[in-house]
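Quick notes on the structure that follows.
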Amino acid sequence: MAAPIVAVVGRPNVGKSTLFNRIVGERMAIVEDMPGVTRDRLYAKAEWLNYDFRVIDTGGLEMGNAPFLTEIRGQVELAIDEADVIVMVVSGREGMTADDQAVANLLYGIDKPVVLAVNKVDNPEMRADIYDFYSLGLGDPYPVSGSHGIGLGDVLDQVVKHFPDEAAVQDDDAVRFSIIGRPNVGKSSIVNAILGEQRMIVSDVEGTTRDAIDTRFMTPEGDEFVMVDTAGIRKRGKVYENTEKYSVMRAMKAIDDSEVVLMVLDAETGIREQDTHVAGYAHDAGKAVVIVVNKWDAIEKDTHTMHDFENVVRDRFKFLDYAPIVFVSAKTKQRLDRLPDLILSVNENHSKRVSSSMLNDVLMDALATNPAPSDNGRRLRVYYATQVAIQPPTIVVFVNDVELMHFSYQRFLENQIRSAFDFSGTPIKLIIRQRK
Ligand code: GDP
Ligand code: GDP
């Protein structure tokens, strides 16, 4: 279920972020109004051979003006706490330094596999110099050149060898959800209120290899839930936890591990850039989303307040137009009891399958009422659509010419599909294909 995590560590300037970018590759945001999450330097998706995994560039943590040792200790602690495999980067060009040794010292004795990459080995003649690094005591050094893209495959081959067994992952009916939001929006208060109501906590499940803790509980109606990463919500007191980048990264990880995301906003402080950033990631990852506006008790209201606030949320989260909004108070518990049912219903929509015949009826009606505009005398023809995947629902639409499908018309088709079927809470992916 949870993708393995690889952390890149090393002293500054050895080429961590260059290697990170190489591993992650060029990943383009598909939707125009994405808040640019894919450009985040700290955490990103990657793949190698048949493995999907995540990479953390610990150098992107940005702890401010901390002294070198504090900074590097924070980075290595982050790697040790979060990653399944650690890649330590050194530079073959500069050779071994005392700072490399300091990083290696922090890695001794940990129970995580470490792969040693000697970067900046830009040509074969330099390969002879890598043997010095054996003295770090971290096993075989692998030469790479981040800027030339050489040798990366050998490093990744070593990395994936250490990934945990997929077989260890259990599959069950419980709905996995996470509670995401900036610090102080009230996540822990919501968690405590929900878990206080649901007395039937089944267990705190220790994460497989990391220290993530998921909490499993059952409602009186017998619905089972797993609240993902409650450990990320309860603080553990590490230095790196106070950085904004870390809190964003933790949120991204929790989103990856869930089916449904409760995106918590603070009615008192309003919406900030970090909110849209993280919500964009949830959308990008194709998760079901419920927008939870918390601290509704704390603001003065009249009959328009909720409606006005809803408009602001809709305006700032245009890409989440499908997400239901619920106004709650963790303090007074107002409407918190609606959350379990909302999670269940968006989860159901996220896994919904519609038949091709019903889908095509909707599509043909849509085409009849609003035919595609012609482009230089050429007209888009839509032949057929079929749902090919769930979580999120993914629909392939066959057309005469992909170039003729404009964003606005695609949006129109999506809206027609949404008004015919209940896909509330879930993104829908439309894939436009040329019919052969
Ligand atoms: P970080 O501080 O460890 O993240 O290092 P960066 O990725 O920012 O790289 C530091 C410097 O090393 C930059 O000027 C890069 O262009 C350079 N660099 C990175 N990889 C290579 C490489 O493979 N060969 C050479 N010659 N330079 C590199
Ligand atoms: P977290 O950092 O997102 O986990 O936020 P917390 O749950 O720690 O809450 C941050 C602060 O907001 C605390 O002082 C809470 O008492 C307060 N708070 C949380 N929920 C509510 C709410 O619904 N109404 C009011 N008025 N305050 C709240």
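The values are calculated or read from the model by the stated rules, or taken from the named source; none is laboratory data. All values derive from a computational prediction rather than experimental measurement. Positions of Cβ are backbone-derived with ideal geometry, glycine not excepted, and every protein chain shown enters the neighbour counts.
Listed here are the residues, each with its yes/no results for (1) surrounded by fewer than 22 Cβ atoms within 10 Å (Cβ to Cβ); (2) more than 31 Å from the chain's Cα centre (by Cα); (3) not in a helix (DSSP H, G or I).
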| residue | (1), (2), (3) |
| --- | --- |
| LEU69 | yes, no, no |
| ALA102 | yes, yes, no |
| GLY109 | yes, no, yes |
| TYR134 | yes, yes, no |
| VAL160 | yes, no, no |
| PRO164 | yes, no, yes |
| ASP172 | yes, no, yes |
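Comparison of ARG379, ARG353 shows that the only residue that is closer than 17 Å to ILE431 by Cβ and among the basic types (Lys, Arg) is ARG353.
Looking at the structure I just gave you, is TYR142 modelled with pLDDT of 95 or more, hydroxyl-bearing (Ser, Thr, Tyr) and more than 28 Å from the chain's Cα centre (by Cα)? So TYR142 fits the description; yes. The C-beta contact set for region 50-62 (first residue basic (Lys, Arg), second residue assigned to a loop (DSSP other than H, G, I, E, B) and more than 9 Å from ligand 1 (Cβ to nearest atom), distance under 7 angstrom, 6+ apart or interchain) comprises ARG54/ALA3. Regarding region 156-165, can at least one residue be identified that is within 16 Å of ligand 2 (Cβ to nearest atom) and under 30 Å from VAL346 (Cβ atoms)? For region 156-165, residues within 16 Å of ligand 2 (Cβ to nearest atom) and under 30 Å from VAL346 (Cβ atoms): absent.
Scanning region 171-196 for residues that are among the small types (Gly, Ala, Ser) and either over 19 Å from VAL346 (Cα atoms) or touching a residue at least 60 places away in the same chain (Cβ under 8 Å) (or both) turns up SER178, GLY181, GLY186, SER188, SER189, ALA193, GLY196. Would you confirm whether or not region 82-93 contains a residue that is more than 25 Å from TYR246 (Cα to Cα) and out of contact with any strand residue (DSSP E or B) (no Cβ under 6 Å at 6 or more places or on another chain)? Yes, some residue in region 82-93 is more than 25 Å from TYR246 (Cα to Cα) and out of contact with any strand residue (DSSP E or B) (no Cβ under 6 Å at 6 or more places or on another chain). Looking across region 288-324, the residues that are among the small types (Gly, Ala, Ser) and closer than 22 Å to VAL260 by Cβ come down to ALA288, ALA323. Residues that are in a helix (DSSP H, G or I) and within 14 Å of ligand 1 (Cβ to nearest atom) were ranked within region 71-90; the one that is surrounded by the fewest Cβ atoms within 10 Å (Cβ to Cβ) is GLU71.
Within region 296-321, the set of residues being touching a residue at least 24 places away in the same chain (Cβ under 8 Å) and over 30 Å from TYR43 (Cα atoms) comprises TRP296, ASP297, ALA298, ILE299, PHE309. Out of GLN391, GLN387, GLN416, GLN410, I need the residue that is surrounded by 13 or more Cβ atoms within 10 Å (Cβ to Cβ) and on the phi > 0 side of the Ramachandran plot. Which one? Exactly one residue qualifies, and that residue is GLN391. Of VAL264, VAL175, VAL260, all but one fail to be under 26 Å from PRO324 (Cα atoms), in contact with a Leu (Cβ under 7 Å, 6 or more places away or on another chain) and either among the aromatic types (Phe, Trp, Tyr) or modelled with pLDDT of 90 or more (or both); the exception is VAL175. Any residue at all in region 193-206 that's out of contact with any strand residue (DSSP E or B) (no Cβ under 9 Å at 6 or more places or on another chain), at pLDDT 75 or above, in a loop (DSSP other than H, G, I, E, B) and within 16 Å of ligand 2 (Cβ to nearest atom)? No; the residues of region 193-206 include none that is out of contact with any strand residue (DSSP E or B) (no Cβ under 9 Å at 6 or more places or on another chain), at pLDDT 75 or above, in a loop (DSSP other than H, G, I, E, B) and within 16 Å of ligand 2 (Cβ to nearest atom). Quick check on GLY286: is it within 30 Å of ILE5 (Cβ to Cβ) and without any contact (Cβ under 8 Å) to a residue 40 or more places away in the chain? Taking the combined requirement at face value, the residue does not satisfy it. The residue list VAL388, VAL396, VAL346, VAL362 contains one member that is in a helix (DSSP H, G or I) and over 17 Å from VAL260 (Cα atoms), which is VAL362. Would you tally the residues in region 337-378 being surrounded by fewer than 13 Cβ atoms within 10 Å (Cβ to Cβ) and either under 29 Å from the mean Cα position of the chain (by Cα) or among the basic types (Lys, Arg) (or both)? Number satisfying all stated conditions: 3.
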